[in-house]
Amino acid sequence: MIKHVFLTGLPGVGKTTLVQKVCEVMVSGGVSLNGFYTEEVRESGRRVGFDVVTVTGERGPLSRVGNEGSVGKRAYKVSQYVVDLSSFENLALPLFQNMGEGSRRVFVIDEIGKMELFSQTFIQAVRQALDSSDCILGTIPTPKGKPLGLVEEIRARKDVKVFMITKENRDAVFDEIVTAVKECLKIPTGKKTGGTDNGTSG
Ligand SMILES: Nc1ncnc2c1ncn2[C@@H]1O[C@H](COP(=O)(O)OP(=O)(O)OP(=O)(O)O)[C@@H](O)[C@H]1O
């Protein structure tokens, strides 16, 4: 029985767009939504960092091009970006406070990547969320370089379905993702279910 759905794939293949489209369908079917997206921030056509944007539209910086000094004590670097962990935690962590209290709720976690994983509190919150009754619709990076502990845990769970997204399959796989999320929420899909599925589709 699957409880959560994650999309993986190379940067820019369309994971966030798919999550947003799936959420639109779910909301129009009466499902409530919580969680956050990560959005790139551009200035004069150049990427200068990433913002965290909650599903209700609150926004704050996750990272910016710069040096550690510009963020203060709790700053970490990923490539040329300095991660503003306090800002990330202030915006993202409160969203996890009422996990599993609503019925038929999708919790968006876009994404669980290197920047977000500097926060141990976030890691603990995601672990709790995985064991709550909310359906997580999240994104994780493709395996590359050093394994990211929590991401490996997610991939290994029997109650998680992971879809591998490519530019070629991103339109075709949409209906399958909607069906998987409905299964997590126990919304009838007209499709027979059976056994556990931890496969990587696509
Ligand atoms: N089905 C689609 N058809 C056309 N363009 C698309 C489609 N899906 C996404 N795009 C475009 O591709 C770009 C990247 O999409 P998106 O941000 O969803 O990718 P991503 O995989 O989430 O990227 P990242 O890993 O960097 O967050 C965006 O400009 C988006 O508008």
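When we screen 89, 116 for residues that are touching a helix residue (DSSP H, G or I) at 6+ places or on another chain (Cβ under 7 Å), of a type in the set (Asp, Glu) and farther than 20 Å from residue 15 by Cβ, the only hit is 89. For the condition outside any helix (DSSP H, G or I), at pLDDT below 90, touching a strand residue (DSSP E or B) at 6+ places or on another chain (Cβ under 9 Å) and farther than 22 Å from residue 148 by Cβ, what is the one hit in 60, 102? Result of the check over 60, 102: 102. Of the set (1) more than 13 Å from the ligand (Cβ to nearest atom); (2) surrounded by fewer than 19 Cβ atoms within 10 Å (Cβ to Cβ), all apply to residue 10 but (1).
Among the conditions (1) of a type in the set (A, V, I, L, M, F, W, C); (2) within 16 Å of the ligand (Cβ to nearest atom); (3) farther than 25 Å from residue 189 by Cβ, residue 82 misses just one, which is (2).
Scanning segment 13-48 for residues that are part of a loop (DSSP other than H, G, I, E, B), more than 14 Å from the ligand (Cβ to nearest atom) and farther than 25 Å from residue 125 by Cβ yields 29, 30, 44. Exactly one residue out of 121, 142 is touching a residue at least 60 places away in the same chain (Cβ under 8 Å) and of a type in the set (Ser, Thr, Tyr), and it is 142.
The values are calculated or read from the model by the stated rules, or taken from the named source; none is laboratory data. Everything quoted here is computed from the prediction, not taken from an experiment. Every residue, glycine among them, receives a Cβ derived from its backbone with ideal geometry; neighbour counts consider all protein chains shown.
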